[in-house]
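Engineer: Below is a structure I'd like to ask you about.
The values are calculated or read from the model by the stated rules, or taken from the named source; none is laboratory data. This structure is a prediction, so every number in the text was calculated from the model and none was measured. Quick reminder, even Gly has a Cβ in these numbers, built from the backbone with ideal geometry, and neighbours come from all protein chains shown.
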4 protein chains.
Amino acid sequence: MHFASDNTAPVPPAVMAALMAANDGCPPSYGADGWTARATDLLRDVLQAPQATVHLVATGTAANALALACLCPPWGGVFCHAHAHVHEDECGAPEFFSAGAKLLPLAGDHGRIAPGALAAALAATGGSVHNVQKGALTLTNVTEAGTVYSAAQTAELAGLARAAAVPVHLDGARFGNAVVATGATPADLTWRAGVDALSFGATKLGAMGVEAVVFFDPARGHEFALRRKRAGHLLSKGRYLGAQIVAMLEQDRWLGWAAHANAMAASLAQGLAARGVALAHPVQANILFPHWPAGTSARLRAAGAIFYDMPAPAGMEGARLVTHWATTESDVARLLSLI
Amino acid sequence: MHFASDNTAPVPPAVMAALMAANDGCPPSYGADGWTARATDLLRDVLQAPQATVHLVATGTAANALALACLCPPWGGVFCHAHAHVHEDECGAPEFFSAGAKLLPLAGDHGRIAPGALAAALAATGGSVHNVQKGALTLTNVTEAGTVYSAAQTAELAGLARAAAVPVHLDGARFGNAVVATGATPADLTWRAGVDALSFGATKLGAMGVEAVVFFDPARGHEFALRRKRAGHLLSKGRYLGAQIVAMLEQDRWLGWAAHANAMAASLAQGLAARGVALAHPVQANILFPHWPAGTSARLRAAGAIFYDMPAPAGMEGARLVTHWATTESDVARLLSLI
Amino acid sequence: MHFASDNTAPVPPAVMAALMAANDGCPPSYGADGWTARATDLLRDVLQAPQATVHLVATGTAANALALACLCPPWGGVFCHAHAHVHEDECGAPEFFSAGAKLLPLAGDHGRIAPGALAAALAATGGSVHNVQKGALTLTNVTEAGTVYSAAQTAELAGLARAAAVPVHLDGARFGNAVVATGATPADLTWRAGVDALSFGATKLGAMGVEAVVFFDPARGHEFALRRKRAGHLLSKGRYLGAQIVAMLEQDRWLGWAAHANAMAASLAQGLAARGVALAHPVQANILFPHWPAGTSARLRAAGAIFYDMPAPAGMEGARLVTHWATTESDVARLLSLI
Amino acid sequence: MHFASDNTAPVPPAVMAALMAANDGCPPSYGADGWTARATDLLRDVLQAPQATVHLVATGTAANALALACLCPPWGGVFCHAHAHVHEDECGAPEFFSAGAKLLPLAGDHGRIAPGALAAALAATGGSVHNVQKGALTLTNVTEAGTVYSAAQTAELAGLARAAAVPVHLDGARFGNAVVATGATPADLTWRAGVDALSFGATKLGAMGVEAVVFFDPARGHEFALRRKRAGHLLSKGRYLGAQIVAMLEQDRWLGWAAHANAMAASLAQGLAARGVALAHPVQANILFPHWPAGTSARLRAAGAIFYDMPAPAGMEGARLVTHWATTESDVARLLSLI
């Protein structure tokens, strides 16, 4: 019963098969191979963005921090949710890559930045040289709270930013789950809503280790390529990154994996509700935050369940449960049976 | 006839098999898995360094630049060969990771730092606050010129550095080739010779994309772990890095791959000599720098050979040929037959 | 009626006289002159810290950011008050000098960090490599709210930090005002209370442009000297910085200037109270935050008063008034007469 | 007999008088005062550059490193003379301010970059993402060798850079000496020759501590202002920087000081030649590099002369002598009499 994270999941057979297929011959290194080219084409198609630049890296932290460094100067502030991964879980990676930008955490229920909070922060930031300037906005979809931004919600926040000449980044570590959850097209959730740069997550969906960074304005791509190399994030045997993306995007496999993960989470949510377990946040994608009675967590763990603890109201215990492509119905059923 | 680089080679079957074997279940992420633990144990055994810390990253640039950042303060200078990869081929990665250290290129024949050049530079560096201070020494073995440092040569340079309280890094992107070429033990080429930190290369030997950074003084390891995370170089599905190292080190496969690559280079060197082709540097590992008559390169390429051009004396053409685990005797024979 | 800031004040005659006296001959540059040596001695005496290192720089931002960079690694967090100058008014200088440390703003009434807030933040920070680590604590005395930390209050906060192995910096841009206000000795407000590094402010007290950075553990001084040079903060004609400090500290002039400034603020506070004007914070040093009826600010400005606006409750207007060595009783009386 | 450096000289009376005159009232801080405005106007007039932006800082290292950071991205290389102050004497300041740019030292006789060396370096730099990119060119006039670039020489080098889209910085720590030595106008030595940014030196000419950074394209100025604040180089009592510049530029005092310094150097050169002392470089401004017989240096020092040692041919001793506004004819005569 593995509910610790979608990054503990194994790799789907289609990805392993693509790696095997890519393991042939001696194509050019550093991303000049055919698999990377094919991955780029497929991703442009998925995003309906034929001009976009696509660069592959091995981790989400690299994708986010490198992208933000391209959008935000060292003296800029990055508007983000107070619980954003870039702010809380990357050991200061955005500060490192940007040469010292300041993250400006914003409030908002259920992991989503409140438009009013963003508007106030935009108005309050910058001005004289004594202050950090308006730098970039970063959204996360699926959010850290397991909720999603609809295309309209994305557009509202991105619109506020762009009206202030602030570029917009989307941390899409679980972008596939967001696409499935919202029913919106990838384009509607990104460039049509005002997103300038996308960290297109693959690893949490099922890949071995690859993320794509997409700039919808191709003029921004070259700086990213230089920053990527300089940061040691240009892999020499690039074909193996490209192959993973190809396997994901072909036959819309990524949406199938995301749909399965979301469905497993919905089953869990339904079962928990039936057992009277409250949830800290609405379940919209593949993450749940139950508050269950004290003692429950230990009992579940004794039975083999793996998950993280979270804060909870007095007398209760909090947990985070994450589902993924490999989560089974029997795991879900078994967990529920133990509560 | 693929002689462009050892980083264009595919991955040996044993590595692919290990990746398949690792693709099972949901072990903890971020390197807390059993494959990473096994890789660490094996590498400590190979290096006869049971206390050493081992951290895996996906690229050699990351390995080198992160290791150097741990050894050299921002106001330090990194003593390196004038043609070192860290100086010429990483788009300023050491400067980035170290927050602005200065690389101090040193002369030396055939890619090896001349002890006299190092001694002079150590004596001339530092002193007042107006100058960059002595930071770290980095050696490369196999060198960029395809030569190797013996254990004694390593110890001589490292000894000069350590006498000046300067720590020593070894860029071992082709460490396996150096071990085979010198016949020295890994320990003799590293900590016994005074090396503090080793970038243990795997990708150019045959892995899909992994390098290990080893600190022989375990007190240095924690800073590396923080820098790695902050730089986006901590992969979430760490088992797939660990598995590659395990496959390499088990049954001494890495030495077999290196021995094959070195043997193919020796065959090439012998054949070239027989055809009167001079070499810019002695062939000691898996890289050759022939100077052949003008017109040769185009003819070879027309026949399907892939390699890089290099400078050459007037009337001649220079090339770089690199062999690897997958280089075949027939490729070698065919190339030679064309000259 | 100049109440904008103590950094708009001119320079007391004693400072100008010292600059004139120093303008003689050709002593060694870069701080190796006699004035700098004398300034160092005097400051060590004042602080009862004969081993402390003293380095002079021209600005408070440089003093703070350079000192913090010595105390906090790039992956560390700097615990500070939410309204600290380093967080709000230095355009990200601490982030720049530290190579990307993260400022961790803490709550607390009237500009003072609440011990509970610090304790909670210390407990919540660090742990795994995914998080920014505990870096340094910075206090500001006089605070941005015009209040002071007593020696005991300083020791309480510093004690929490040191118990967590976190070093302590004190931003003493108005340290003289704090000494006068608390009646404590400089030693009691600094090293005896657990402070590791002090930005000893001179400019706001009366100097033309100089601040001293003091490390009570002399082992920390050399790194500061290197960082200072590298940041362009080592002035060549150092004697003119030294002379300012000498003029300040000789005959306890600095305390006289601070006492005058504090007394003028107390007069203002008394007069405002008599006129029923509330203050946002207790007046303990040389800064006041009145809330007066709407329309007052414009009337005062029309009469020649200069000051900054501040937030205020509905129907009121907020202002910040700062006094200094050159504030006159007649200015105070005139301002009060206009309210 | 003070020949150590022009930065050991005292401050001319006109500068002290201006500081006294500026010490009146409470003008706005941070450079919004009338003295700074007047300094800006005067400098624009001197440079015939009415649109140029002017920012004052306290040191030459800050001026150079901040200006270069505006011109060169972190992944860029700064083309400079191998003995440039930015490369050898600033403890890595350009690397720090630029977030890790690499200095690319170039050869050239007598402190001047050889055009062929620059052309070759421009051709060899950049290209793929594996290499540091072309960043900026920095010239130094007066050079470290005491020679000058004529307007034509400046234009030749700047022209090569600009043809490669590389912006040009001029380190003018001794710009006044260069203007006097060449007889060229300040405009001819800067923007008319293709210089984009000028560090206009004042301290070595006679100021207490101030340098002006000029961008001829005003669009570049705002970034500098942000970088200056963030680096702690925006002085609060800016009027005292402005006043120094005003005193310098009014009545062309700066040129008088420079002319005196250059004349003293010429006298020294003439006297040394008469005594058969060879010079390492032509004497064109206010620095001399004599090679005199072994034993001379000690004898001169015993008699009270102060200067730096320099390398020299076998059997000889090298020295560096620097003259300045306060160097006296009697000092020159006395030094010569001792040789």
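Engineer: Could you list, in sequence order, all residues of region C:163-180 that are assigned to a helix (DSSP H, G or I) and among the hydrophobic types (A, V, I, L, M, F, W, C)?
Structural biologist: Across region C:163-180, the qualifying residues are C:163, C:175, C:178, C:179, C:180.
Engineer: So residue A:25 clears everything in (1) crowded, with 21+ Cβ neighbours inside 10 Å; (2) touching a strand residue (DSSP E or B) at 6+ places or on another chain (Cβ under 9 Å) except one condition, right? Which one?
Structural biologist: Residue A:25 satisfies every listed condition except (1).
Engineer: So if I check each of C:238, C:232, which one is within 12 Å of chain D (Cβ to nearest Cβ), free of Cβ contacts under 8 Å to residues at least 60 places away in the same chain and in contact with an Asp or Glu (Cβ under 9 Å, 6 or more places away or on another chain)?
Structural biologist: Only one candidate passes the filter, namely C:232.
Engineer: Sticking with this structure for a sec: If I ask for residues that are hydrophobic (A, V, I, L, M, F, W, C) and either assigned to a loop (DSSP other than H, G, I, E, B) or under 15 Å from residue B:65 (Cα atoms) (or both), which ones from region A:231-246 would you list?
Structural biologist: Within region A:231-246, A:231, A:234, A:235 qualify.
Engineer: Determine if region C:23-41 includes at least one residue that is over 30 Å from residue C:319 (Cα atoms), of a type in the set (Val, Ile, Thr) and in contact with a Lys or Arg (Cβ under 8 Å, 6 or more places away or on another chain).
Structural biologist: yes
Engineer: Residues in region B:131-141 that are part of a loop (DSSP other than H, G, I, E, B) and either more than 13 Å from every other protein chain (Cβ to nearest Cβ) or closer than 25 Å to residue B:182 by Cα (or both): how many?
Structural biologist: Counting residues in region B:131-141 that are part of a loop (DSSP other than H, G, I, E, B) and either more than 13 Å from every other protein chain (Cβ to nearest Cβ) or closer than 25 Å to residue B:182 by Cα (or both) gives 1.
Engineer: Then there's this: In region C:68-81, is there at least one residue being within 14 Å of chain D (Cβ to nearest Cβ) and in a loop (DSSP other than H, G, I, E, B)?
Structural biologist: yes
Engineer: Considering each of C:303, C:243 in turn, give the residue that is surrounded by fewer than 18 Cβ atoms within 10 Å (Cβ to Cβ) and in contact with a Leu (Cβ under 6 Å, 6 or more places away or on another chain).
Structural biologist: It is C:303.
Engineer: What's the number of the condition residue C:246 fails, among (1) over 30 Å from residue C:99 (Cβ atoms); (2) within 14 Å of chain D (Cβ to nearest Cβ); (3) in contact with a Lys or Arg (Cβ under 6 Å, 6 or more places away or on another chain)?
Structural biologist: It is condition (2) that residue C:246 fails.
Engineer: Scan region A:142-162 for residues that are in a loop (DSSP other than H, G, I, E, B) and surrounded by fewer than 21 Cβ atoms within 10 Å (Cβ to Cβ) and jot them down.
Structural biologist: A:150
Engineer: Tally the residues that are more than 24 Å from residue B:91 (Cα to Cα) and not charged (D, E, K, R), restricting the search to region D:117-161.
Structural biologist: Number satisfying all stated conditions: 18.
Engineer: Do you know which residues across region A:90-141 are among the hydroxyl-bearing types (Ser, Thr, Tyr) and surrounded by fewer than 24 Cβ atoms within 10 Å (Cβ to Cβ)?
Structural biologist: Selection gives A:125, A:128.
Engineer: Within region D:204-229, which residues are within 11 Å of chain A (Cβ to nearest Cβ) and of a type in the set (D, E, K, R)?
Structural biologist: Hits for region D:204-229 are D:223, D:227, D:228, D:229.
Engineer: Given the criteria modelled with pLDDT of 95 or more, outside any helix (DSSP H, G or I) and crowded, with 21+ Cβ neighbours inside 10 Å, does residue A:50 qualify?
Structural biologist: Answer is no for this residue.
Engineer: Regarding residue C:306, is this residue among the β-branched types (Val, Ile, Thr), touching a Lys or Arg at 6+ places or on another chain (Cβ under 8 Å) and in contact (Cβ under 8 Å) with a residue 40 or more places away in the chain?
Structural biologist: no
Engineer: Can I ask one more? Can residue A:61 be described as in contact (Cβ under 8 Å) with a residue 40 or more places away in the chain and of a type in the set (Ser, Thr, Tyr)?
Structural biologist: So residue A:61 fails the test.
Engineer: Could you check residue A:277 against (1) farther than 18 Å from residue A:29 by Cα; (2) without any contact (Cβ under 8 Å) to a residue 24 or more places away in the chain; (3) over 22 Å from the mean Cα position of the chain (by Cα) and say which number it fails?
Structural biologist: (2)
Results for (1) charged (D, E, K, R); (2) closer than 24 Å to residue D:26 by Cβ; (3) assigned to a helix (DSSP H, G or I), shown as yes or no for each residue.
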| site | (1), (2), (3) |
| --- | --- |
| C:14 | no, yes, yes |
| C:18 | no, yes, yes |
| C:26 | no, no, no |
| C:30 | no, no, no |
| C:40 | no, no, yes |
| C:45 | yes, no, yes |
| C:55 | no, no, no |
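Engineer: Within region C:261-339, which strands (runs of 3 or more DSSP E) (wholly inside it) include 2 or more residues that are of a type in the set (Gly, Ala, Ser) and over 18 Å from residue C:177 (Cα atoms)?
Structural biologist: Of the strands (runs of 3 or more DSSP E) lying wholly inside region C:261-339, those with at least 2 residues that are of a type in the set (Gly, Ala, Ser) and over 18 Å from residue C:177 (Cα atoms) span C:316-322.
Engineer: Let me ask something additional. Which residue, of B:266, B:258, B:274, is away from every other protein chain (no Cβ under 14 Å), farther than 30 Å from residue A:206 by Cβ and crowded, with 22+ Cβ neighbours inside 10 Å?
Structural biologist: None of the other options fit; the residue is B:258.
Engineer: I'm trying to understand the selection: among the residues of region D:2-12, which are in a helix (DSSP H, G or I) and more than 7 Å from chain C (Cβ to nearest Cβ)?
Structural biologist: Residue satisfying the conditions is D:6 alone.
Engineer: Taking the stated definitions as given, is residue C:196 in contact with an Asp or Glu (Cβ under 8 Å, 6 or more places away or on another chain), away from chain D (no Cβ under 14 Å), among the acidic types (Asp, Glu) and surrounded by 22 or more Cβ atoms within 10 Å (Cβ to Cβ)?
Structural biologist: When the stated conditions are applied, residue C:196 passes them.
Engineer: Further question on the same structure: Could you please find all residues in region B:186-205 being closer than 20 Å to residue A:57 by Cα and of a type outside the set (D, E, K, R)?
Structural biologist: Within region B:186-205, B:201, B:202, B:203 qualify.
Engineer: Out of all the residues in region B:91-130, which are more than 9 Å from chain D (Cβ to nearest Cβ), assigned to a loop (DSSP other than H, G, I, E, B) and farther than 25 Å from residue C:227 by Cβ?
Structural biologist: Selection gives B:107, B:108, B:112, B:113, B:114.
Engineer: I've got another one for you. Would you check which residues across region D:306-339 are away from every other protein chain (no Cβ under 11 Å), within 17 Å of residue D:257 (Cα to Cα) and charged (D, E, K, R) and list them?
Structural biologist: Hit for region D:306-339 is D:329, nothing else.
Engineer: Of everything in region C:121-148, what is modelled with pLDDT under 95 and among the basic types (Lys, Arg)? Give them in sequence order.
Structural biologist: If the condition is that a residue be modelled with pLDDT under 95 and among the basic types (Lys, Arg), then no residue fits.
Engineer: With respect to residue A:222, is the statement that it is surrounded by fewer than 21 Cβ atoms within 10 Å (Cβ to Cβ) and assigned to a helix (DSSP H, G or I) true?
Structural biologist: yes
Engineer: All but one of (1) within 14 Å of chain A (Cβ to nearest Cβ); (2) at positive phi; (3) not acidic (Asp, Glu) hold for residue C:146; state the number of the condition that does not hold.
Structural biologist: That leaves (1) as the condition not met.
Engineer: Could I ask something else about it? What number goes with the only condition from (1) surrounded by fewer than 19 Cβ atoms within 10 Å (Cβ to Cβ); (2) within 30 Å of residue B:108 (Cα to Cα) that residue B:284 does not pass?
Structural biologist: (1)
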